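*Asks:* My questions all concern the structure below.
The values are calculated or read from the model by the stated rules, or taken from the named source; none is laboratory data. Computed from a predicted structure; not experimentally measured. Ideal geometry is used to build each Cβ from the backbone, glycine not excepted, and the neighbour counts take in all protein chains shown. Surface accessibility is based on the protein's heavy atoms, side chains included, excluding ligands, DNA and RNA. Shrake-Rupley method; radii C 1.70, N 1.55, O 1.52, S 1.80 Å.
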Amino acid sequence: MSDLRSLYQEIILEHNKNPRNFRKMPEASRILEGYNPLCGDHYTLYLKIIDDTIADISFEGSGCAISKASASVMTTLLKGKTKTEAEKIFETFHSLVTGELKDVSFETLGKLGAFGGVSEFPARVKCASLAWHTMHNALDAKTDLVSTE
Amino acid sequence: MMTSENVVALNDVALEAWTSMIREQFPILKNRVHDKNLVYLDNAATTQKPESVLDAMDHYYRHLNSNIHRGVHFLSERATEAYEGVREKTRSFLNAASTKEIVFTRGTTESINLVADSFGRAFVKSGDEVLITAMEHHSNIVPWQLLCERTGASLMVAPIDDRGEIIVEEYERLLNGRTRIVGLAHVSNALGTVNPVKHLISLAHRHRIPVLVDGAQAAPHLRINVRDLDCEFYALSAHKMYGPTGFGVLYGKQNVLEAMPPYQGGGDMIRSVTFEKTIFNDLPYKFEAGTPSIAEGIGFGAALDFLTGLDWNAVSTHEHHLLQAATDALSEISGVRIIGNAAEKAGVVSFVMDDVHPHDIGTILDQEGIAVRTGHHCAQPVMLRYGIPATVRASFAIYNTKEEIEALVRGISRVKEVFH
Ligand SMILES: Cc1ncc(COP(=O)(O)O)c(C=O)c1O
């Protein structure tokens, strides 16, 4: 039970139920799809980049609670950030869910900390990372469909 | 005097004893997972192996290990005898006419690829058609797709209805003078549907079209009689019928196999080789290039002994009870929807839940020690047909119990608690 609660934290369940920035963005400057063929998670990520800054970010699609909450939290964290800042947050998130980030109190990570439990569930790391990898590739202006497989 | 209730009660007690006797033979079932008893409900992916299969493979490596079909020495002769003995067991299991019709492969996937490649090369050309159904596993789709790409033939798909049954009239309409071969599942791995294969085969035969039956999910649950079915090909995997991975069978009618060119080239499949010309070996060896999985073959032989030694009355009654119990229990849970409600089903219950993704259900059940499959089950077209990305699939074997289905139901309550 304690294990499950560490994975399905309230923030995650809440963002899954009410995802933020969950909408199409017709005026987006970059649109990229992220797809995990193993479980069928499939999202479209929209970014509006103005002068190296993420002026707006949104997403659409469907998938498990972990992938959807992760995408939702990501959009709230990255809006208004520069590309460099966004990449830094991505790195932190990545090392958090792969269990490489040791000796940090999750509280200092803010909302990101909710994903600290994911590292205990190796099968779910891909779910948590899907939107982030898509974002990372979108910033690199790769236009292909992103797959985490 | 015994009332009918007494009979049922007695049968239940007898079945329970029978199930415990079966469970005793599967050492892995004693395992604990996340501090809970393992509840293994992923049998359509692969079944667990009984002690007798593990022993047979161990015995081969300890006492018989050597290459087959080539040495004159003691070990090679003994190993060849053991391995070829499995061919006769397989023939008898399938009721094939001859061991020449039993080709050993790595599994269902290779069996189907063998036919798509070899039969395809000989008999399929541009403008022809290959007919499959909308409920096929990817391994009974992609080899045909590749064949069609290679030859310019077209892949036709017989549709299924909402319950998950092939629409026979549509299937019949798709059979025509251009159809070169039909590929269909005996039992669907995603929906559990048991298809009326004998009828579907006879419909194809009216147009003289050969039929390949994908029996991967049927072999562990049903008695198979290829001569009664009258199919040209029947494919199966040892690992789904209590045997080891990496081994399978392609049954093919002798006259059809004889008309087909070899699949892979190499040792064992030849009679003589010069740089000018190679003369191929007789059936079934023509289709068996290279050293096979000998230990796995011998393990498969033990699995066939295990299967044929079962009381099949008990098997069908027990598996029917499990399916019924799971179907009834899941139907009662609000928010749960079963995908696949065919009149005839075997061993599989696929379902989705309102507002909770199958992947999350799978993780929560896993914490309870319950192994189910979540995802598209290598049948993405089936998921598309129902407009869902994935399902949770509980699939049963002879060693499962009603208590395990109760554990599944409790697990789903946990899911609801977590996702309130
Ligand atoms: C209906 C069906 N066909 C084919 C296969 C492929 O079997 P294998 O992976 O053993 O070759 C499977 C296995 O999942 C199956 O369920």
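*Asks:* Among the candidates B:A9, B:A44, single out the residue that is assigned by TED's automatic domain parsing to the domain that holds B:T363 and modelled with pLDDT under 95. Full working, then the answer.
*Replies:* Working: B:A44 fails: modelled with pLDDT under 95.
Selected residue: B:A9, the only one of B:A9, B:A44 that is assigned by TED's automatic domain parsing to the domain that holds B:T363 and modelled with pLDDT under 95.
*Asks:* Additional query: Any residue at all in segment A:28-36 that's away from every other protein chain (no Cβ under 11 Å), assigned to a helix (DSSP H, G or I), in contact (Cβ under 8 Å) with a residue 12 or more places away in the chain and in contact with a strand residue (DSSP E or B) (Cβ under 6 Å, 6 or more places away or on another chain)?
*Replies:* There is no residue in segment A:28-36 that is away from every other protein chain (no Cβ under 11 Å), assigned to a helix (DSSP H, G or I), in contact (Cβ under 8 Å) with a residue 12 or more places away in the chain and in contact with a strand residue (DSSP E or B) (Cβ under 6 Å, 6 or more places away or on another chain).
*Asks:* May I pose another question? Pairs, please: C-beta under 9 Å, at least 6 apart or cross-chain, first residue within 14 Å of A:E100 (Cβ to Cβ) and within 11 Å of chain B (Cβ to nearest Cβ) and in segment A:118-129, second surrounded by fewer than 19 Cβ atoms within 10 Å (Cβ to Cβ) and among the acidic types (D, E)?
*Replies:* A:E120/A:D3
*Asks:* Please work out which residue is most open to solvent (accessible area, probe 1.4 Å), limiting yourself to segment B:171-209 and to residues that are outside any loop (DSSP other than H, G, I, E, B), over 21 Å from B:L257 (Cβ atoms) and within 16 Å of the ligand (Cβ to nearest atom).
*Replies:* Here the answer is B:V194.
*Asks:* If you don't mind, another one. What number of residues within segment B:210-222 are within 19 Å of B:P159 (Cα to Cα) and surrounded by fewer than 24 Cβ atoms within 10 Å (Cβ to Cβ)?
*Replies:* From segment B:210-222, those within 19 Å of B:P159 (Cα to Cα) are B:211-214; that's our starting set.
Still in the running and surrounded by fewer than 24 Cβ atoms within 10 Å (Cβ to Cβ): B:211.
Result for segment B:210-222: 1.
*Asks:* On the basis of being hydrophobic (A, V, I, L, M, F, W, C) and crowded, with 19+ Cβ neighbours inside 10 Å, does B:A259 make the cut?
*Replies:* no
*Asks:* Quick one: would you say B:G347 is within 12 Å of B:A190 (Cα to Cα), surrounded by fewer than 23 Cβ atoms within 10 Å (Cβ to Cβ) and under 20 Å from the mean Cα position of the chain (by Cα)?
*Replies:* In short, no.
*Asks:* A further question on this structure: Output the number of residues of segment B:223-256 satisfying the condition of being open to solvent by less than 20 Å² (accessible area, probe 1.4 Å), touching a Pro at 6+ places or on another chain (Cβ under 7 Å) and within 12 Å of the ligand (Cβ to nearest atom).
*Replies:* 2
*Asks:* When the residues of segment B:376-412 are narrowed to those that are out of contact with any Gly (no Cβ under 9 Å at 6 or more places or on another chain) and without any contact (Cβ under 8 Å) to a residue 40 or more places away in the chain, which ends up farthest from the other protein chains (Cβ to nearest Cβ)?
*Replies:* Here the answer is B:E403.
*Asks:* For B:V33, which of the numbered conditions (1) more than 14 Å from chain A (Cβ to nearest Cβ); (2) of a type in the set (A, V, I, L, M, F, W, C); (3) more than 16 Å from the ligand (Cβ to nearest atom) fails to hold?
*Replies:* (1)
*Asks:* Tell me, please, whether a residue that is under 13 Å from the mean Cα position of the chain (by Cα), closer than 22 Å to B:I388 by Cα and within 11 Å of chain B (Cβ to nearest Cβ) can be found in segment A:40-51.
*Replies:* Checked against the condition, which is being under 13 Å from the mean Cα position of the chain (by Cα), closer than 22 Å to B:I388 by Cα and within 11 Å of chain B (Cβ to nearest Cβ), segment A:40-51 yields at least one hit.
*Asks:* Out of A:A114, A:A71, report the one residue that is part of a helix (DSSP H, G or I) and more than 18 Å from A:T134 (Cβ to Cβ).
*Replies:* Working: A:A71 fails: more than 18 Å from A:T134 (Cβ to Cβ).
That would be A:A114, the only listed residue that is part of a helix (DSSP H, G or I) and more than 18 Å from A:T134 (Cβ to Cβ).
*Asks:* Tell me, please, whether a residue that is at pLDDT below 95 and in contact with an Asp or Glu (Cβ under 8 Å, 6 or more places away or on another chain) can be found in segment B:252-270.
*Replies:* The answer is yes; a qualifying residue exists.
*Asks:* May I ask you to list pairs of residues, at least six apart or on different chains, whose Cβ atoms are under 9 Å apart, with the first in segment B:216-238 being at positive phi and the second being open to solvent by 10 Å² or more (accessible area, probe 1.4 Å) and outside any loop (DSSP other than H, G, I, E, B)?
*Replies:* Filtered contacts from segment B:216-238: B:D230/B:K198; B:D230/B:S202; B:D230/B:H205.
*Asks:* Within segment B:266-281, is there a residue that is in contact with a Leu (Cβ under 9 Å, 6 or more places away or on another chain), farther than 30 Å from B:H221 by Cβ and without any contact (Cβ under 8 Å) to a residue 60 or more places away in the chain?
*Replies:* no
*Asks:* Sticking with this structure for a sec: Looking at B:A379, is it at pLDDT 95 or above, of a type in the set (G, A, S) and either within 16 Å of the ligand (Cβ to nearest atom) or farther than 21 Å from B:R163 by Cα (or both)?
*Replies:* no
*Asks:* Looking at B:F300, B:F275, B:F287, which is the one that is aromatic (F, W, Y), farther than 20 Å from B:R121 by Cβ and buried (at least 19 other Cβ atoms within 10 Å of the Cβ)?
*Replies:* B:F300
*Asks:* Counting only residues that are farther than 27 Å from B:T46 by Cβ and either open to solvent by 10 Å² or more (accessible area, probe 1.4 Å) or more than 14 Å from the ligand (Cβ to nearest atom) (or both), give me the strands (runs of 3 or more DSSP E) lying completely in segment B:96-170 with at least 2 of them.
*Replies:* Counting at least 2 such residues, we get B:129-133, B:154-158.
*Asks:* I would also like to ask the following. Can you work out which of the residues in segment A:1-27 that are over 18 Å from A:A69 (Cα atoms) and more than 9 Å from chain B (Cβ to nearest Cβ) is farthest from the chain's Cα centre (by Cα)?
*Replies:* A:S2
*Asks:* Within segment B:350-393, can you find the residues that are open to solvent by less than 10 Å² (accessible area, probe 1.4 Å) and part of a loop (DSSP other than H, G, I, E, B)?
*Replies:* Passing the criteria: B:G369, B:H377, B:A379, B:A390.
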